[in-house]
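Q: To start, I am sharing the structure in question, which I have written as structure tokens.
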Amino acid sequence: MRLDNVPEEAEGSRTQTSLCSRVLKSLLLCTGEIKQLDVYMEGKLFGLQLVVWGLRGVAGVILANNPLSGVLILASVFWTSPWQALLGTLGTLISTLTAIIMGQDRADVTRGEHGINGMLVALMMGAYSSAGDWYWWLLLPVCMGSVACVFFHSGLSSFLDGCGVPASVFPFNIVTVLYLLCTGPNHPYYPHYRVAPPWETEPNGTGLAAVEVTHGIILGVGQIYTCGDLGPSLLILGAVLLYSPLLAFHALLGSAIGTLAGVFTTPYLLFCYTGLSGFNGALGCMVIGGLNFTFSWKTHLYAVATAFLSAYVDIALSNLLGTIGLPALSWAATLASTLMLLQNGNLAKYRVPADQVMSPEHNLRSWSQREAKNASESVNAVV
């Protein structure tokens, strides 16, 4: 072995370590809320700011307040259907612009909170429309529904904020139900598919396919954006992982709970294989699992209970609303998570105020720092 090569090898090793360190730091800058991007965008063109707010709204549908996650999610929706991607983008921008014109709270606008409901309304109108893709007349109700969401959000917030509960996606659920009731399957301009109760379909038998169930768990995450294909669903899961690994874990866990609940309560296994039985469980589990509550073993069990409740309420509402031709949408997760947020008792101390909700990892760090500070003050007081 030649000793004169040792310094060169050591230098090469240090260079490689430094490169890996820079790459890791760059990746970490892309996680969480990317607050430094908001600082950078101050004073920039309004159009550029609107794009960032809109992307936060796109990602906010799955509770990931990260514009880069929004880019990945929008790409996954485009992968599934370019027409759906166009509708979702339009709905997000229209609702965000409406909120700005109405003078809604700037913090809510910059977080993309109003774009969430606009995105969902547009996606659902496109998904249930039986007129097919590129039916341009559909842009009118998409725009009107997105505007209506802002009015509902503003009105509901003035009431729910007093209870410490966010308006969430109540506006989306309300506006979508009103639209479907106003139009109907045989509307001359805006027809939509008839929604049938599960028992009207043929049972799929009692044989379970493990691979299909596994696919259904992943598809449960994608169905939040009406994506029923495995590739786009994995990309959506990756977008959540970029924002918060802990939130991605709860998304999969909640979807698994919802899928298994569907397997054990309904003979219509296609409902489970397509992810339709999992997405409400995923949403309910994410809301509680580290986002609105600081993550701990207690709140984790609370999140699991919320996922179960969301899944069973979704099955019940699907049976009930299907009799009048309406889908269950995300009513189950919205109602279950709202109920859990209104709880008091030992878990109240873990609750994160609505205006301070950030990624689960950030919430956990803030909690640890606050507890350490309180412990230090207690020791000083005793001394």
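Q: I'd like to check something: does region 181-191 contain any residue that is of a type outside the set (Lys, Arg), in contact with a Pro (Cβ under 8 Å, 6 or more places away or on another chain) and open to solvent by 30 Å² or more (accessible area, probe 1.4 Å)?
A: Of all residues in region 181-191, those of a type outside the set (Lys, Arg) come to 181-191.
Next, only the ones that are in contact with a Pro (Cβ under 8 Å, 6 or more places away or on another chain) stay: 183-185, 190-191.
Imposing the further condition that a residue be open to solvent by 30 Å² or more (accessible area, probe 1.4 Å) reduces the set to 185, 190.
The answer is yes; a qualifying residue exists.
Q: Continuing with this model, one more query. I'd like to verify a number: residues in region 148-161 that are within 23 Å of LEU55 (Cα to Cα), open to solvent by less than 50 Å² (accessible area, probe 1.4 Å) and among the hydrophobic types (A, V, I, L, M, F, W, C), how many? Before the answer, list the steps.
A: First, the residues of region 148-161 that are within 23 Å of LEU55 (Cα to Cα): 148-154, 157.
From what's left, open to solvent by less than 50 Å² (accessible area, probe 1.4 Å): 148-150, 153-154, 157.
Within this subset, residues satisfying the condition of being among the hydrophobic types (A, V, I, L, M, F, W, C) are 148-150.
Here the count works out to 3.
Q: Where in region 9-89 are there helices (runs of 4 or more DSSP H), lying fully within it, with 1 or more residues that are at pLDDT 90 or above and under 30 Å from GLY281 (Cα atoms)?
A: Values: elements: 35-41, 46-60, 67-80.
Output list reads 46-60, 67-80.
Q: May I pose another question? Pairs please, first residue from region 313-334 and assigned by the TED database to the domain that holds CYS285, second anywhere and open to solvent by 40 Å² or more (accessible area, probe 1.4 Å) and assigned to a helix (DSSP H, G or I), Cβ atoms under 7 Å, 6+ apart in sequence or on different chains.
A: From region 313-334, the pairs are VAL313/LEU335; ILE315/THR265; LEU317/TRP331; ALA332/VAL313.
Q: Turning to a different aspect of this structure: Quick check, is TYR312 over 18 Å from the mean Cα position of the chain (by Cα), hydroxyl-bearing (Ser, Thr, Tyr) and modelled with pLDDT of 90 or more? Reasoning before the result, please.
A: On the way: over 18 Å from the mean Cα position of the chain (by Cα): yes; hydroxyl-bearing (Ser, Thr, Tyr): yes; modelled with pLDDT of 90 or more: yes.
When the stated conditions are applied, TYR312 passes them.
Q: Residues of region 267-309 being open to solvent by 20 Å² or more (accessible area, probe 1.4 Å), over 30 Å from ARG365 (Cα atoms) and not in a helix (DSSP H, G or I), which ones?
A: Passing the criteria: PRO267, TYR268, THR274, LEU276.
Q: Can you pull out every residue in region 192-230 that is modelled with pLDDT of 75 or more, surrounded by fewer than 18 Cβ atoms within 10 Å (Cβ to Cβ) and part of a loop (DSSP other than H, G, I, E, B)?
A: Listed by number, the residues that qualify are TYR193, ARG194, VAL195, ALA196, ALA209, GLY228, ASP229.
Q: Taking region 83-103 on its own, how many of its residues are in contact (Cβ under 8 Å) with a residue 24 or more places away in the chain and either under 19 Å from ALA239 (Cα atoms) or open to solvent by 40 Å² or more (accessible area, probe 1.4 Å) (or both)?
A: The first filter runs over region 83-103 and keeps only residues in contact (Cβ under 8 Å) with a residue 24 or more places away in the chain, leaving 83-84, 87-99, 102.
With either under 19 Å from ALA239 (Cα atoms) or open to solvent by 40 Å² or more (accessible area, probe 1.4 Å) (or both) added as a condition, the list becomes 84, 88-90, 92-94, 97, 102.
Selection size over region 83-103: 9.
Q: Let me confirm something: among LEU335, LEU321, LEU329, which residue is within 21 Å of THR226 (Cβ to Cβ), out of contact with any Ser or Thr (no Cβ under 9 Å at 6 or more places or on another chain) and either open to solvent by 20 Å² or more (accessible area, probe 1.4 Å) or of a type outside the set (S, T, N, Q) (or both)?
A: Working: LEU335 fails: out of contact with any Ser or Thr (no Cβ under 9 Å at 6 or more places or on another chain); LEU329 fails: out of contact with any Ser or Thr (no Cβ under 9 Å at 6 or more places or on another chain).
Exactly one of LEU335, LEU321, LEU329 is within 21 Å of THR226 (Cβ to Cβ), out of contact with any Ser or Thr (no Cβ under 9 Å at 6 or more places or on another chain) and either open to solvent by 20 Å² or more (accessible area, probe 1.4 Å) or of a type outside the set (S, T, N, Q) (or both), namely LEU321.
Q: Right, another one. Can you tell me how many residues within region 350-378 are open to solvent by 90 Å² or more (accessible area, probe 1.4 Å) and at pLDDT below 80? Before you say what the answer is, go through the steps one by one.
A: Within region 350-378, the first condition is being open to solvent by 90 Å² or more (accessible area, probe 1.4 Å), and the residues that meet it are 355-356, 365, 369-370, 373, 377.
If we keep only those that are at pLDDT below 80 as well, we get 355, 370, 373, 377.
The qualifying residues number 4.
Q: Just one of ARG106, ARG56, ARG111 is crowded, with 24+ Cβ neighbours inside 10 Å and of a type in the set (Lys, Arg); which is it? I'd like the intermediate steps shown before the answer.
A: Values: ARG106 fails: crowded, with 24+ Cβ neighbours inside 10 Å; ARG111 fails: crowded, with 24+ Cβ neighbours inside 10 Å.
After applying the criteria, what remains is ARG56.
Q: Right, something else. Which count do you get for residues in region 171-180 that are in contact with a Phe, Trp or Tyr (Cβ under 7 Å, 6 or more places away or on another chain) and open to solvent by 30 Å² or more (accessible area, probe 1.4 Å)?
A: Result for region 171-180: 1.
Q: Let me ask something additional. Could you list, in sequence order, all residues of region 124-143 that are open to solvent by 30 Å² or more (accessible area, probe 1.4 Å), within 14 Å of LEU180 (Cβ to Cβ) and in a helix (DSSP H, G or I)?
A: Of everything in region 124-143, those that are open to solvent by 30 Å² or more (accessible area, probe 1.4 Å), within 14 Å of LEU180 (Cβ to Cβ) and in a helix (DSSP H, G or I) turn out to be ALA127, TYR128.
Q: Across region 231-266, what is the number of residues that are among the polar types (S, T, N, Q) and surrounded by fewer than 22 Cβ atoms within 10 Å (Cβ to Cβ)? Please lay out each step first, then the result.
A: Taking region 231-266 first, the residues among the polar types (S, T, N, Q) are 233, 244, 255, 259, 265-266.
Next cut, surrounded by fewer than 22 Cβ atoms within 10 Å (Cβ to Cβ) only: 265-266.
Count: 2.
Q: Being in a helix (DSSP H, G or I), aliphatic (A, V, I, L, M) and either closer than 28 Å to ASP355 by Cα or in contact (Cβ under 8 Å) with a residue 12 or more places away in the chain (or both) narrows it down to one residue among VAL165, VAL121; which is it? It would help to see each step written out before you state the result.
A: Numbers: VAL165 fails: in a helix (DSSP H, G or I).
Going through VAL165, VAL121 in turn, the sole match is VAL121.
The values are calculated or read from the model by the stated rules, or taken from the named source; none is laboratory data. No experiment lies behind these values; they were computed from the predicted model shown. No Cβ is skipped: glycine too gets one built from the backbone with ideal geometry, and neighbour counts run over all protein chains shown. To get the accessible areas, we keep the full protein, side chains included, count just its heavy atoms, and leave off ligands, DNA and RNA. Shrake-Rupley method; radii C 1.70, N 1.55, O 1.52, S 1.80 Å.
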